[in-house]
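One structure below.
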Amino acid sequence: MSGTPPIVVGITGASGAPYAVRLLQQLVAAHRPVSLIVSKYGMRLLETESGIDSIDALRDFVGKHDWDSCIETFSNEDRGARPASGSALTAGMIVCPCSMGTLSAIAVGASRSLIERAADVTLKERRKLVLVPRETPLSAIHLGNMLRLTRAGAVVMPASPGFYHRPKQVSDLVDFVVARMLDHLGVEQSLVKRWEGETK
């Protein structure tokens, strides 16, 4: 596994902490190396929505053993960290959840933080960039930024769960969206049964 490039995971301050936590759980379960960056507002979001008030608490929630073997954390303030360089190989990046402020900054190449810089690097190196916004309704500015990023090569994946799999609890809705994220990151998953067409 040491030779496998990491997936960069950014967590920002948009609603959707359960998606981020479940994504991390699935990535470590698949033994995929992760470079994790949590913004200040991403940390506040984790506490508000999931009761996780620190990186140590997030480590406990994900599972210490799996975390220690797969996840390396970086400060969002450190724009000189490894994910900020195109020469550092990665298997792509996902920002989950992705605030509209972060999405806007990535769209214009602002690079004010490590998350923004790592996303900028991911685009310029033509690697997979997945952005998971959770905002509604969407303004013309939001839509314009999403279009600009899509044209630049990013995958904009709003956290919009489906219902054809007959979800019975909130975790089923979370798994639906996380399964789509994993598919786009090239990570095997069996969270949700794949659609095979209607049976008459």
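The values are calculated or read from the model by the stated rules, or taken from the named source; none is laboratory data. None of the values given here were measured: they were computed from a predicted structure. We place every Cβ from the backbone using ideal geometry, glycine too, and count neighbours over all the protein chains shown.
Could you list all residues from segment 18-31 that are within 10 Å of the chain's Cα centre (by Cα) and hydrophobic (A, V, I, L, M, F, W, C)?
20, 21, 23, 24
What's the total number of residues in segment 144-200 that are without any contact (Cβ under 8 Å) to a residue 40 or more places away in the chain, part of a loop (DSSP other than H, G, I, E, B) and not acidic (Asp, Glu)?
Going through segment 144-200 one residue at a time, the tally reaches 21.
Anything in segment 1-21 that is within 15 Å of residue 130 (Cβ to Cβ) and not aromatic (Phe, Trp, Tyr)? List them, or say none.
The answer is 6, 7, 8, 9, 10, 11, 12, 14, 16, 20.
Those residues that are under 11 Å from residue 97 (Cα atoms) and either assigned to a helix (DSSP H, G or I) or charged (D, E, K, R) (or both), I need them from segment 1-40; list them, please.
17, 18, 19, 20, 21, 23
Based on this model, can you work out whether residue 150 counts as at pLDDT 95 or above, among the hydroxyl-bearing types (Ser, Thr, Tyr), closer than 30 Å to residue 86 by Cβ and surrounded by 20 or more Cβ atoms within 10 Å (Cβ to Cβ)?
no
Under 9 Å between Cβ atoms, at least 6 apart or on separate chains: pull out the pairs that start in segment 59-77 with a residue that is free of Cβ contacts under 8 Å to residues at least 12 places away in the same chain and exposed (fewer than 14 other Cβ atoms within 10 Å of the Cβ) and end on any residue that is aromatic (Phe, Trp, Tyr) and part of a helix (DSSP H, G or I).
Between residues of segment 59-77 that are free of Cβ contacts under 8 Å to residues at least 12 places away in the same chain and exposed (fewer than 14 other Cβ atoms within 10 Å of the Cβ) and residues that are aromatic (Phe, Trp, Tyr) and part of a helix (DSSP H, G or I), the close pairs are 60/67.
Can you tell which of 45, 89 is in contact (Cβ under 8 Å) with a residue 24 or more places away in the chain, surrounded by 22 or more Cβ atoms within 10 Å (Cβ to Cβ) and hydrophobic (A, V, I, L, M, F, W, C)?
45
Results for (1) modelled with pLDDT under 95; (2) closer than 16 Å to residue 38 by Cβ; (3) not in a helix (DSSP H, G or I), shown as yes or no for each residue.
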{"position": "77", "(1), (2), (3)": "no, yes, yes"}
{"position": "89", "(1), (2), (3)": "no, no, yes"}
{"position": "94", "(1), (2), (3)": "no, yes, yes"}
{"position": "106", "(1), (2), (3)": "no, no, no"}
{"position": "117", "(1), (2), (3)": "no, yes, no"}
{"position": "130", "(1), (2), (3)": "no, no, yes"}
{"position": "135", "(1), (2), (3)": "yes, no, yes"}
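Being surrounded by 11 or more Cβ atoms within 10 Å (Cβ to Cβ), out of contact with any helix residue (DSSP H, G or I) (no Cβ under 7 Å at 6 or more places or on another chain) and not aliphatic (A, V, I, L, M) narrows it down to one residue among 142, 184; which is it?
The match here is 184.
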